[in-house]
Each structure stands twice: as structure tokens, then as C-alpha cells.
Amino acid sequence: MKRSQINAAIENAHRALREHGIRLPEYGYWSPDDWRRNAGPGHHRIYENMLGWACTDFGQGDFDRCGITMFDVRNGTPEPNLGTPYGEKIFVLKPGQRLPFHFHYNKTEDIISYAGGTLMIELYNANPDETMDETTPGVVYCDGVRKPFEPGQIFEIPHGQSLTIVPRLYHRFWAKDDGAVLVGGEISTISVPRTDNKFTAGGRRFVPIEEDVEPTYLLNVDYDKLHEVA
Ligand SMILES: [Fe+2]
């Protein structure tokens with residue numbers, strides 16, 4: 001992804017969060033210079049648990065159709081045991097923007113619709129060989145309510161509601177192409193995106209960044225650079 005796309009995506013996310021009265025921790029608003037000025041030893045937990053901004057096109061090269069902008073508000077690491085034993089993200093999806101199909105080996109996550117656009121979630125069970133099971137129905141919980149589903153069933157999630165995605169349940173979600181930016185969230189067990197995500201069709205969570213302009217905000221993958229500067 002180009003840095004200019006990432007800068008624009010975070011601006012867009014700030015706009016949507018502001019519109020719906022959702023505030024982030026103070027470092028969510030920091031420029032790289034603010035980080036250099038303000039961050040000290042007391043901020044190490046942020047680096048260790050990769051809190052803060054994340055933005056990806058999942059290696060598909062078409063961010064408007066396939067991508068997400070997220071802010072990790074809280075998370076932990078199991079080994080060594082640091083941070084919280086749970087994770088939370090706030091995410092922003094443009095109308096029509098989606099994630100590729102994936103499941104998690106260990107993480108259970110509630111994917112929540114908060115405000116703006118309409119959250120859509122499509123589900124398949126996984127076969128033991130990790131391919132998608134296109135024939136077996138499954139069961140999912142919507143805010144504690146049991147919902148049987150057919151393979152490939154699509155759930156429309158009203159604001160305030162969520163689906164609980166358990167390990168090895170294939171899911172993809174998107175904002176309906178209805179003109180509104182979606183603000184959603186994820187509350188989960190500890191998130192370990194480098195090893196816990198299984199994507200179909202070559203999707204990947206971490207992508208190289210082409211530095212065509214200076215960053216206006218730092219992603220959580222940029223903190224290493226901050227240490228080099230500091
Ligand atoms: Fe997921």
C-alpha cells in the first residue's frame with residue numbers, strides 16, 4: 001500500500017469516528033512529531049501489544065474494495081504475559097469495502113456494528129484440511145441468541161448487534177454499498193494476527209508500505225522506526 005492511501009484512510013476514519021462521537025486514546029491523534037515529543041518509557045505497553053492504527057489492503061491492491069482501517073484499543077500477548085487477556089479494535093469500512101475470507105486458529109471475536117453504514121457478515125464452516133466447507137450448515141451466536149446458518153449465509157447486523165465468531169469459522173465482512181461509512185468494533189480473546197489468521201486465496205494481513213509521502217499518523221507497525229529515530 002502507498003503511504004498516501006494510509007494517510008487518507010486514517011483521515012477518513014477520524015472523520016467517521018468524530019461524526020459518531022467516538023473518541024480514541026490520545027495517541028490515536030498523534031502525528032509522528034507528537035510521538036517523538038510525548039512518548040516515553042511509560043508508553044512501552046503500546047509498542048509491546050501493537051496498539052494503535054492498522055491499515056491493510058490484504059495484498060489485493062484494491063483498497064477501496066478490499067481493505068480495512070482499524071485501531072487496536074487494547075490487546076495482550078500470551079507469552080510473555082503482557083497487557084490485557086482480551087482485545088478490542090475499532091474499525092472503519094468504506095461503503096462496499098470488505099475483508100477476504102479468513103478464520104482464526106485460536107481467537108474468538110465478537111464483530112460489532114456501531115454506527116454509520118450496514119455491517120454484513122458471511123459464514124462457512126471449515127473442513128479439517130482448512131478449506132471452506134460448502135455443504136455443512138453451522139450455528140453462530142448473535143448477542144447470545146443461537147442462529148443456525150446455511151453455508152455462505154449472509155447476516156445483516158443492525159447497529160448495536162454483533163456475531164460471535166469462534167475459531168475455525170470462516171468469515172468475511174463488509175460495509176454494504178449504501179453510501180455510508182461503517183464504524184464497527186471487535187471484542188475478542190487476545191489477537192495474534194501474525195500467526196492466528198488463515199486466509200483463502202492469497203490474502204494476507206501485513207503488506208509492504210510504499211513511502212510515497214511522509215506519514216501523518218503512525219501505524220502500529222511503524223513504532224520500530226520511532227525507536228530508530230529516538
Ligand atoms: Fe476475523
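The values are calculated or read from the model by the stated rules, or taken from the named source; none is laboratory data. These figures come from a predicted structure and were not determined experimentally. Heads up, the Cβs are rebuilt from the backbone with ideal geometry, glycines too, and the neighbour counts pull from every protein chain shown.
In region 191-230, of all residues being loosely packed, with under 14 Cβ neighbours inside 10 Å and β-branched (Val, Ile, Thr), the one that is nearest to GLU11 (Cα to Cα) corresponds to VAL213. Only one of the numbered conditions (1) more than 16 Å from the ligand (Cβ to nearest atom); (2) at pLDDT 95 or above is violated by ALA54, and that is (1). When ASP129, ASP177 are screened for being over 25 Å from TYR27 (Cβ atoms), free of Cβ contacts under 8 Å to residues at least 24 places away in the same chain and in a loop (DSSP other than H, G, I, E, B), only ASP129 passes. When THR69 is tested against the conditions (1) exposed (fewer than 13 other Cβ atoms within 10 Å of the Cβ); (2) closer than 24 Å to GLY203 by Cβ; (3) among the hydroxyl-bearing types (Ser, Thr, Tyr), the lone failure is (1). Mind listing whichever residues of region 178-208 are more than 14 Å from the ligand (Cβ to nearest atom), at pLDDT below 95 and more than 19 Å from GLU48 (Cβ to Cβ)? Across region 178-208, the qualifying residues are ASP178, GLY179, ALA201, GLY202, VAL207, PRO208.
From the list GLY96, GLY40, GLY87, GLY67, the one residue that fits, being small (Gly, Ala, Ser), more than 16 Å from the ligand (Cβ to nearest atom) and modelled with pLDDT of 95 or more, is GLY96.
Report yes if TRP35 is in contact with a helix residue (DSSP H, G or I) (Cβ under 6 Å, 6 or more places away or on another chain) and either over 23 Å from LEU99 (Cα atoms) or surrounded by 13 or more Cβ atoms within 10 Å (Cβ to Cβ) (or both), otherwise no. Against the criterion (in contact with a helix residue (DSSP H, G or I) (Cβ under 6 Å, 6 or more places away or on another chain) and either over 23 Å from LEU99 (Cα atoms) or surrounded by 13 or more Cβ atoms within 10 Å (Cβ to Cβ) (or both)), TRP35 qualifies. For the condition part of a strand (DSSP E or B), within 21 Å of ARG23 (Cβ to Cβ) and of a type in the set (D, E, K, R), GLU88 qualifies.
Inclusion of THR118 among residues that are in contact (Cβ under 8 Å) with a residue 12 or more places away in the chain and within 15 Å of the ligand (Cβ to nearest atom) is not warranted.
Look at THR135 and say whether it is without any contact (Cβ under 8 Å) to a residue 60 or more places away in the chain and away from the ligand (no atom under 15 Å from the Cβ).
Here the answer is yes, as THR135 does meet what is asked.
Go through the residues of region 218-229 one by one and say whether even a single one is in a strand (DSSP E or B) and either within 13 Å of the ligand (Cβ to nearest atom) or more than 26 Å from SER4 (Cα to Cα) (or both). Checking region 218-229: not a single residue is in a strand (DSSP E or B) and either within 13 Å of the ligand (Cβ to nearest atom) or more than 26 Å from SER4 (Cα to Cα) (or both). Within region 142-169, residues that are over 21 Å from PRO100 (Cα atoms) and of a type in the set (D, E, K, R) sit with their Cβ atoms under 6 Å from residues that are in a strand (DSSP E or B) and within 16 Å of the ligand (Cβ to nearest atom), at 6+ positions apart or across chains, in these pairs: ASP143/SER162; LYS147/VAL140.
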